[in-house]
Amino acid sequence: MNRMSQSLVMVFLGGAVLRITLLSTTYLNYVKPGFHPFLVAAGAVVLALGVAGLIQEWRKPYLTEQEYAHRSHAGRGSHDDRHDARYDEHGEAVRHDAHENAHHDGHDHSRGPRVAWLLCLPVFAIFLIAPPALGAFAARSEEPPPRPPVTSDTYAPLADETVTAMPIGEFIGRAWADSTYSLTGKRVRLTGFVVPSKKKDRWYVTRIQLNCCAADGIPLKVAVLKAAQPPVDTWVEVTGTWVRPKSDKIPNGTVAPELVATDVTAIPRPVEPYE
Amino acid sequence: MPWIFAAVVVLLIAGHFVLTPLLAFPSLQTWATIFVAISVQALPFLVFGVLLSAAITAFVPASFWTRALPRHPYAAVPVAGAAGAVLPGCECASVPVASGLMARGVTPAAALAFLLASPAINPVVVVATAVAFPGQPMMAVARFVASLVVAVLVGWLWLRFGRSDWLRVPARTAPAGSRWQAFREAAQHDLLHAGGFLVVGALTAATLNVVVPRSLLTTVADVPVLSVVVLALLAVLLSICSEADAFVAASLTAFSPTARLAFLVVGPMVDLKLIALQMGTFGRAFAARFVPVTFVLAVLVSVAVGGLLL
């Protein structure tokens, strides 16, 4: 990998990161919103390093690659030796003693590690596959959602007359961990996407909860009863009432909480796909 | 060269409109989302670590480290491990920093203790752990203690049994050219190198994440010893950033606290993307010995600390 390719890979990588953070909200498909400034900074640094490398290349058009390598080696010998001692172009360990180094002057020091070509893969994935937010495929398994990591024992009481919109995580928390059963008889509105169930009489309104990035996403599911199932992966707003389990003895986290729906409305995908 | 640049840009933009609709399989998309997520999420930490490492190489004189650390190597290991508490970052940042420390003459064993400890015991991770386990403050304490103990033990083991030809120690010459030039070149080289191996790890982790169903794991949750080993292996496979793994551990409610502690101790020290990074940075001979020893010690210490504190 010569200096030009190294710099180009960095320009592409930095550019792709800035493309999904500054020019769109695509990054929300992959990480939490709070990550935005760090991603912008990282993309800018990578892009700047790449551009600085390119400028340096273009300023030396009168030197061939081999001459440039030779000259830079002569000028900054000990520094380049440091690089040499660490890696050769295959990423393998190289050990030079002083004697070997004396014979090593013709080696092209501008070569970077070959493994760096792999950095093109995320760039290709971002532009060619354009990965969407995790959906029904990631939430497909029939196992119930795990307990939401943070549940509070003190939930504010809900309004009697109006419909309360709440995150699915809060709904599950109230259904499982609330000693006052504040959900009983109250109408609530949940927003999520449609995941089918193996059981005939229900489907799941689902939202994926992220803690850091999409690799640690946990699907939070609420079973919707008495409503026809919209197409899989449709985003919906479900209005309905919690079904209190017949027995308190079912341990939390074994069965998804249930909701009898009075209204199911399809909505466009929210900008922030995760909870 | 500029026309190659232009050609790739045109290809990417054209491909975006032509290929994307053809590649819309849910399984491929889910895989790609997780792959891109791991890569994108690790990038700021990697850049931070690489810049810090390049700064250490280019601007901090080697004499600083000999003065800052105890001269006796056995004493330097715990000091370097505890010093990991001040670097707020995850494991992606610690590999280039440890390599930069070695390049500046820090005893490899001490740099390794720092490498293992810093992703698990820094304030950000400790707070995240405490938040993820409300009402169980001992979990954060146990994680801190167990991680530091493992890091120091591995450092001492390396000091006692390690051979220098296993480890690709970066050479110790100071840069002779302009410092900024040295800084830029060191940063670019390390970023490309570590970034390439990060992609290897992200590819593996995303594949396993999609292929291995998590329900397979919960079936063994009740078996005492096996559950600890299974969660330790899960930590290796999932390769979750150490700043987020506590939330995942908290969601694995079927498992015992000790098994979840093993998940939290192993994850920042041994995982797929980290193995790829270490292999690339320190060499295969090193990773082949360092990774299994660290894994076994991390599991044993977690069981011991979990038995005492949880």
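Among B:Glu243, B:Glu185, B:Glu91, the residue with the largest mean-square fluctuation in a Gaussian network model of chain B, with springs joining Cα atoms closer than 10 Å, is B:Glu185. Within a straight-line Cα-Cα reach of under 27 Å, B:Lys273 can be paired with the following lysines, leaving aside sequence neighbours fewer than 8 residues apart in one chain: A:Lys32.
Using a Gaussian network model on chain B with a 10 Å cutoff between Cα atoms, which of B:Leu115, B:Leu297, B:Leu11 fluctuates the most? Result: B:Leu11 has the largest fluctuation of those listed. Summing +1 for each Lys or Arg and -1 for each Asp or Glu among the other residues whose beta-carbon sits under 15 angstrom from that of B:Ala80 gives +3. Kirkwood-type hydrodynamic radius, the range A:164-266: 13.9 Å, calculated from all non-identical alpha-carbon pairs.
Read the figures in this text as sums done on the coordinates, not as results from a lab. Predicted, not measured: the structure shown is a model, and the values here were computed from it. No Cβ is skipped: glycine too gets one built from the backbone with ideal geometry, and neighbour counts run over all protein chains shown.
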